[in-house]
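Reviewing the structure listed below.
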Amino acid sequence: MQANTIFLPILVPMVTAVICMIAWYKPKFQRWISLASSIIMVLISLWMLNSVIGGSIWTVQAGHWSAPYGISFVYDGLSGALILTTSIVSAACSLFAGLAIRSNRASFGFFPLFQFLLLGLYGAYLAGDIFNLYVWFEVIIISSFVLITLGGEKSQLAGAVKYVTLNMLASVIFLSGIAVLFGTLGTLNLADLSEKIANLGQDNLINTIGVLFFVAFGIKAAIFPLYFWLPDAYPTPPAVISAIFGGLLTKVGIYAYLRVFSLLFIQDHFIQQLMMYIAILTMVIGAIGALRQQDMRKLISFLIVSHIGFLLSGIALHSKEGYTGSAYYLIHDMVGKTSLFLVTGLLFKIRGSFDIRDHGNLANDYPRISIFIVLAALTVAGTPPFSGFWPKLILIKESWVQGAYHLTTGIILASAITLWVLAGLVSKILWGQKEHPEMKMGDSFFEKLKPIRKAGLLLSIISLLIVSISLGFFYQPLYQFFSMVSSQLLEPYSYIQSVLSK
Amino acid sequence: MEVLLSLSIALLYAAGIFLMLRRSLVRLIIGIILLGNGANLLIFLLGRITKGKPPIIGADAEFMMDSYADPIPQALILTAIVISFGLQAFAIILIKRAYRVVKTDDLDEMQVKIEQR
């Protein structure tokens, strides 16, 4: 196992993006290459995960400049799990996009942009240097800016203005935090920063920097007072792009929380209480926001906000079980939200509308697709034995054990409202009455596809559902894995050792 | 010198945030630009200003003398300038296109027009 193969998750999307750009006038070729590249990435990430599954940490210094002066790339359990999940989600979305994205978007560079987005994501999960993390964040957001405006419809532009503004503000706040951190401590390497803060103690300046990072990542992760861009921006692009964003982009904010707030900042009582209240408010307000939505995508966007609250509550609990619950829920949420958005994309292709009022009677028209829709909704709602249930159980138990009863109430309330919302959505789509004049069954985009293409669209959703269900059924080994990840996060000693000894 | 720089950074941040909260699309993008410049100057200030010294240590220096400029903040600022330049270019074109489509520079009216569809 060569040490430099850590760079494969960065190389593969970059090479694919360049190939897609060279083949700019051949969108069909781009669709195939993108799918092939994503499947290769799944295999690579499985192989890479195999080497850290026992708890070791894989560090490489770029250019052989030794830490802490050089730039480190670190691959530990959390990075491994996230890279694997991102590759699986990107493979499903590549398959769906290859079949469903309209040719005007495909010929204007959807696939190269998608690969650049993946490049930024994999780079962020591998970054061991805080300024490198900032640069990968910028790669992610610039690709997402173009993806969200591709197509140029009016609603896309309005949503994009909010999205662009708030993300640029988040970047500036992140950069300011990095500036003050560098000025205070003189280094940018995460492991070195962790050691220095542990030695110097946490004074007011470090706490201020912590709050700056909290706000910057909070805007990206869409926590309570900073989430307003999400329900306006995510419903506007086509369903595949929403699926990519909903499954992958907000989760980078949570990954940044997990990485920075476990390594760098010791959470004192104030920050912990602040995080808990923000988590509760995010969970409950996000879920309540989903109650009256008529647009399916806006409903799922509010559910994304609500479930970010679950992730934040695990971080706020700042214990082994809390981080285990958060990391497990993170993986489940990535797969679940993507599958829900892909389901809305499929429904759009079948019925021609994203409005819930235009849907109904799917159980009679397409009985087998209806089964998958019910499964997707059940996993996201967190019913046992599917994957949403176990991490929520861990979080509820841990918040009860720690005496944070308000957090327990918030989690249970948000889960109940999520279940209500999803049950209402599914029953309307499957068994409800369509309120508007219906499209004839043979007219839809879906019906006009060849059977192999229909199977392809369904396969993308089914593959995510299989992953999601196995996340639920293989609870025991996954719990061990995420406990290992959590102890790696809570005791950064092994991380620091691995980086600084190079 | 540092005091002057701190005051100007504070002014840039304040002006940037003030402009970002305006109703006009153009003022929004100018606010973003000012805010980005403020952040870059902040990195410059916090990298310990030295006058007239290159970020290189001479080959014949036997011990670390305090007479070189720190190269890392320079690299950080360059990277941040390039990144924010790219983002601002995109944001300006986005706002131009949004203006063409909704025919107004006012964010509130844009929201109303979008909701009316």
The stretch A:345-502: relative contact order as a whole-number percent, Cα under 8 Å and 6+ apart: 36 percent
Total accessible surface hidden between B and A, rounded to 100 Å², 1.4 Å probe: 2700 Å²
Cα-only radius of gyration and Dmax that characterise the stretch A:323-477, units Å: 17.5, 57
Accessible area of the stretch A:280-337 divided out per residue, in Å², using a probe of 1.4 angstrom: 19 Å²
Accessible area (Å², per residue) of chain B, counting only protein heavy atoms and a probe of 1.4 Å: 64 Å²
Qualifying lysines (Cα of each under 19 Å from Cα of residue A:28; at least 8 residues distant if same chain): A:448, A:450, A:454
Relative contact order of the stretch A:140-261, pairs being alpha-carbon contacts under 8 Å that are 6 or more residues apart, as %: 34 percent
Spatial separation of Cα centroids for the stretch A:113-138 and the stretch A:31-88, in angstrom: 12 Å
With Cα atoms, 0 to 90° folded angle of helix B:2-20 axis to chain B main axis: 20 degrees
Peptide A:152-162 - average C-beta neighbours from other chains (10 Å radius): 5
Distance violations [Cα-Cα > 23 Å] among A:251/A:392; A:251/A:298; A:349/A:434; A:220/B:103; A:154/A:298; A:337/A:392: A:220/B:103
R0 of 35 Å, Cβ-Cβ distance residue A:434-residue A:108: FRET efficiency to nearest 0.05: 0.55
For the stretch A:126-147, residues shielded by at least 10 square angstrom of accessible area compared with the chain on its own, probe 1.4 Å: A:131, A:134, A:135, A:138, A:142, A:145, A:146
Estimated inter-spin distance, residue A:53 and residue B:26, nm [label 7 Å along Cα→Cβ]: 6.0 nm
Protection-proxy order for peptides A:56-63, A:319-326, A:31-38, A:292-299, each taking the mean of Cβ atoms within 10 Å per residue, highest first: A:319-326, A:31-38, A:292-299, A:56-63
Gain on full stretching of the segment that runs from residue A:199 to residue A:319 - 0.36 nm per residue minus C-alpha separation: 41.0 nm
Order by protection proxy (mean Cβ within 10 Å, highest first), peptides B:1-12, A:164-175, B:100-111, A:224-235: A:164-175, A:224-235, B:100-111, B:1-12
Residue B:14-residue B:78 pseudo-label distance in nm [points 7 Å out on the Cα-to-Cβ vector]: 3.4 nm
Surface accessible to a 1.4 Å probe, per residue, for the residues of the stretch A:64-193, Å²: 21 Å²
With every protein chain in place, the stretch B:1-44: carbon and sulfur % of accessible area (1.4 Å): 78 percent
Protein accessible area in chain A, 1.4 Å probe - carbon and sulfur %: 68 percent
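The values are calculated or read from the model by the stated rules, or taken from the named source; none is laboratory data. Owing to the predicted nature of the structure, the values given are computational and were not obtained by experimental measurement. Ideal geometry is used to build each Cβ from the backbone, glycine not excepted, and the neighbour counts take in all protein chains shown. The area values use the complete protein model at the heavy-atom level, side chains included, leaving out ligands, DNA and RNA. Shrake-Rupley method; radii C 1.70, N 1.55, O 1.52, S 1.80 Å.
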